[in-house]
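Every number in this text was worked out from the coordinates using simple rules, so none of it is lab data. The structure displayed is predicted, hence computed values, not measured ones. Here the Cβ positions follow ideal geometry from the backbone for every residue, glycine too, while neighbour counts run over all protein chains shown.
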Amino acid sequence: MGLLRGFAPRNDISGRVFRLPLKEYLTVKDVFGVKDIFGPLMLVEAVEGVTYGELTEVRLPTGDIRRGRVLEISDSTVLVQVFEGTLGIGTDNVRVRFLGKGQEIPVSRDMLGRVFDGEGRVADGGPPIIPEKRLNINGSPINPCARDYPNEFIQTGISTIDGLNTLVRGQKLPIFSGAGLPHARLAAQIARQARLIAAGEEKVGGGATALSGFAVVFAAMGITFEEADYFISEFRKTGAMERAVLFINLAEDPPIERLAVPRMALTAAEYLAFELDMHVLVILTDMTNYSEALREVSAARREVPGRRGYPGYLYTDLATIYERAGRLKGKKGSITQIPILTMPEDDKTHPVPDLTGYITEGQLILSRTLHNRGISPPVDILPSLSRLKDKGIGKGKTREDHADISNQLYAAYARGNSAKELAVILGEGALSPTDRLYVEFSERFDREFVQQGETENRSVEETLNIGWRLLGLLPRKELKRIRPEYLEKYYKPGTRG
Amino acid sequence: MEGIITRVAGPLVVARGLKETKIFDMVKVGHLKLMGEVIEIRGENYSIQVYEETEGIGPGQPVYPSGEPLSVELGPGLIGAIFDGVQRPLDVIEARMGAYIVRGVEYPSLPRDKKWHFQPTAKKGDRVVPGDVLGVVRESPLVVQRIMVPLGIEGELTYIEEKEATLEEVIARINGRGVSQYAPTEITMLQRWPVRQARPPRQKLPPEDPLVTGQRILDTLFPVVKGGTACVPGPFGSGKTVIQQQLAKWADADIIIYVGCGERGNEMADVLLSFPELKDPKSGRPLMERTVLVANTSNMPVAAREASIFTGITIAEYYRDMGYHVALMADSTSRWAEAMREISGRLEEMPGEEGFPPYLGSRLATFYERSGSILCLGSQGRKGTLSVIGSVSPPGGDLSEPVTQATLRVVKVFWSLDDRLASQRHFPAVNWLTSYSLYQPAVDAYAGKRIAPGWKENRKETHRILQREAELEELVRLVGVEALSPEDRLIMEVARMIREDFLHQNAFHEVDTYTPLEKQYLLLEVILKFYTQAQEALKRGVELARIIDLPVREEIAKLRYIPLTQKEVFQRVIDKISEQL
Ligand SMILES: Nc1ncnc2c1ncn2[C@@H]1O[C@H](COP(=O)(O)OP(=O)(O)O)[C@@H](O)[C@H]1O
Ligand SMILES: [Mg+2]
């Protein structure tokens, strides 16, 4: 850089690392001097040596201690965000302690099988964790050069995912849901059935190949007790609990705490994945609640609001969470993320799903219409997408015809659905004979391909074969997205009915 | 003079006591010595945007001035490199510091120890002016870097020598006007340029030749030219990044600058891992040998994202000045605009539309205005071009938002990506009814001469058929398809062929991914031949159903997968059309 010149001799070619002098960093400072309290924030008189992002403890006259974080700081005041909320805090006799470090979490292999609250404290009545390390929950950005491209097929046993929106190890693939839709069941089914199928192994259904050890890190943000309980008992039932780490912030818990929950979960996940070589599946639910907490803080700061009151930096903030998924070169482990969010009014252009979709590597969208028609899991394949699909499928990974058949199923389903719409207005008679075939295709697609039981675990072969069976409804010359050699090999016309 | 921090708010730091520091100067912030840039001065208070995460920075900590504006290093070693938004070498940082980006690290952007073979093209005694080429260095098997006389220096060459030299060794001396009046100016292969300032050309020229991308809908219907500008707005998942990467792979430019601005880390990893494997269609060499990457992903500091666009375009201008055809892809300019918005918000500036700063439009314009076709600086009459293609990520896919609208006011080509097409997996999901290119006349003229005289007619006919299809679809929605005349139903059938057998293009198919102009022409020619002959057949009383069921149609559909080396296949299909009709 040009500025190198100002600091180093021009021939300095060695890299240099600057470290903060430790004594500056690790000193604890105390102050009585709370000036203002508004929303989840407090304005405190400045003390020397306090830094941005520092962890604080707010000590109330009652002896109560609440934790917080420095959001902004000048030489006269410090703005502190209080995780547990400011309810019951006055300006008298409140001592604010600055801890001289950022927010950290203790990590250890023993976290597996344990439940923590939204502050990262043990919440299952068990013994405390003896930490191997304490890690800053904000992490550091992954250097893009250090990333290994995710390309290993994960079989979830669910046709709409494996066949059309394939999940690969190290991907971040959210579920966009709506209030009352069965996203929890879908996520639990993924967590239960997900396994890696190495090339060459036999791909038969029902999990003939061993689960290659997915650990699960589960972060709940503002979800109901029932929903959290559903996941926990699911994990218990299937034995997944002993390789799971849970962070739970429920609907009645302090909202601001939610800002730290996914970061704690991902810090734990990174430790498991990149230091203990595990493959980690991270489930974050519900990111809409998370974003609302961010909006609350932003509003209290009187920042210029972006769309629907969410702060302009929501994108960047979400990215610092989602981008913590992936694989690293030279590391055995990986982090696969399934964030869940509910779309207010089922609207995918709402800022939370919208910005999420701009960051994640695709999305699985649940549809209320399908749900109401009794199709389950109600995955609407048309707006769903896995951006990493193409690198995870094909010969040696799933099957040679996978990409083509997937494209063709999409095209045919889209055409069938628009023909169906037309038929609703004008009647079947207005359709051309070919379009009538498409309508039949799309109806059977919902019933036979999308629909599957909660415990039905289909191999990818089965999934692709169902696809071919349905494409048999259409004349061969309609199947333009499929290479002739695969048509030759797999296409069987006319299994109608 | 060293300053003292008085305020920290996220990426914005305010300091006092920086007296001699000028606006846009670089500074080092806090004990961690984080990189920053002064972006506002109000009396005593200097506002600094910091290019690294500011946790651990606080009032009372020092700020060190550098006395220089944010600049990039220019010289051999750029090709094949990957930089962050402020030109830190990410590969070097990874090798030395590991997988995560550590703060406060400092490495030179270009390697100092590497020796390059400098081959003079000027000789002692020559009079040279800024922009004149002194000599060349083979930077990669695909790129010869031309070492030019820096701006502000001219006179007589008193020394120049062929040698193996590092970036900082003297390769030439110029006696005359220069840095010092008393001694000859020493020239090295390393130059610096402040990123916020455009590098001057001798003259701007009107762009004329197409930038061939091998993407059928782009080249045939909505072409961009070398030195032109284009934008790709679309909601998430509509194919912006794939289009940008396809252009980076196949566009017939000499140099590609790919700026990943606030987008996914894995997309950059994809480019890094695949470009060394992919072959340039012209030379057969790995694509990485003509590519420079600037990667400031969404999780990297937001102020450096703001700088990344300028870093990228300055490197691009440098190669343009050598006389190359350069293409820059910026994915996504919306993230850049958002970075501006965030900094502006922290400065508590008066917000414009949707919180964006009021200068959003003018910033976007200055960026795109750095594109163009030029006569290069210097006395040697080289021509260079710099094409700029920016993605736009409108919230909710709503094109009325400020970034899209401000972009449309400056760019000449609009590739509008359509959610509906993307959800049917019709890719590239470029909407053929709303997209446009203002370069069409220039490209018609070029292709009419170089490819086929019928180019323009075919293109217009294609537009017409697609337009007509949209009208007929409206009608069908009201009365059903059976109510249309056979002629109209034929049009709809042909439009479908155009969509499925020509416009749809699979980026992941080995042949389909790239279509040369000549093949683009042939494909359309075949479909339109079919159309005219089918029309005649209808007039003769042949039934539409029979025409639609002709076996030759399946063969037409397959043509896109036939490489141009088997040109006879195209002729055979044309013959079959005549036979069967
Ligand atoms: N030309 C194409 N051919 C095949 N698939 C494509 C093409 N363009 C886009 N896609 C598909 O669409 C997905 C999303 O495209 P992408 O460019 O990442 O969207 P955006 O950048 O607009 O969010 C890709 O992962 C790919 O599966
Ligand atoms: Mg993209």
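Observations on the model:
- B:GLU68 long-range amide H proximity, modeled H, under 5 Å: B:MET26
- Loop-located GluC sites (Glu not before Pro) in segment B:120-161 (DSSP state other than H, G, I, E, B) with a sparse environment of at most 14 neighbouring Cβ atoms within 10 Å: B:GLU161.
- Cα-Cα P(r), chain A, percent of pairs per 20 Å interval: 21, 48, 24, 6, 0
- Measuring how big chain B is from its alpha-carbon positions, Rg and Dmax come out at 27.0, 92 Å.
- Qualifying trypsin sites (Lys or Arg not before Pro) in segment B:236-328, DSSP loop, other Cβ atoms within 10 Å at most 12: B:LYS282
- For segment B:203-437, the normalised intensity computed at q = 0.14 Å⁻¹ comes to -0.87 (log10 of I(q)/I(0), Debye sum over alpha carbons, equal scatterers, no solvent).
- Between 0 and 90°, nearest 10: helix B:240-250 axis offset from chain B longest Cα axis: 90
- With both residues required to sit in chain A, DSSP beta bridges show an antiparallel share near 60%.
- Working note: Karplus 6.51/-1.76/1.60 with θ = phi - 60° gives segment B:269-280 the couplings 4, 4, 4, 4, 8, 8, 5, x, 8, 6, 9, 5 Hz, where Gly and Pro are set to x.
- Kirkwood radius and radius of gyration were both taken over the C-alpha atoms of segment B:76-169, and their ratio Rg/Rh is 1.07.
- Rounded to the nearest angstrom and listed largest first, the equivalent-ellipsoid semi-axes of segment A:402-490 from its Cα gyration tensor are 24, 18, 9.
- Projected area averaged over orientations for segment B:540-581, convex hull of C-alpha atoms, nm²: 3.0
- Counts of other chain beta carbons within 10 angstrom of each beta carbon in peptide A:74-85 average 2.
- Beta bridge orientation in the protein assembly as shown: antiparallel %, DSSP, nearest 5: 65
- Rounded to 10°, Cα long-axis angle of helix B:567-580 versus longest principal axis of chain B: 30
- Taking amide hydrogens as placed 1.01 Å from N in the peptide plane, the amide H of B:GLN505 sits under 5 Å from those of B:PHE427, each at least 5 positions away in sequence or on another chain.
- To the nearest ten degrees, helix B:517-540 and the longest principal axis of the Cα atoms of chain B are 20 degrees apart.
- Cα centroid separation - segment A:434-474 against segment B:260-306, whole Å: 38
- Residue-averaged beta-carbon neighbours from other chains (10 angstrom radius) around B:298-304: 6
- The Rg/Rh ratio of segment B:3-69, with Rg taken over Cα atoms and Rh as the Kirkwood radius over Cα pairs, comes to 0.90.
- Qualifying trypsin sites (Lys or Arg not before Pro) for segment B:116-174 [loop in DSSP, other Cβ within 10 Å: at most 16]: B:LYS123, B:LYS124
- Proximity of backbone amide H atoms, modeled 1.01 Å from N, is registered between B:LEU134 and B:ILE147, B:MET148, B:VAL149 at under 5 Å, excluding neighbours fewer than 5 places apart on the same chain.
- The Cα center of segment B:507-539 and the Cα center of segment A:127-183 differ in position by 43 Å.
- Gyration tensor analysis over the Cα atoms of segment B:115-189 returns equivalent ellipsoid semi-axes of 21, 12, 10 Å (largest first, whole Å).
- Coordinate range of the alpha-carbon atoms in the protein assembly as shown per principal axis, descending: 93, 86, 52 Å.
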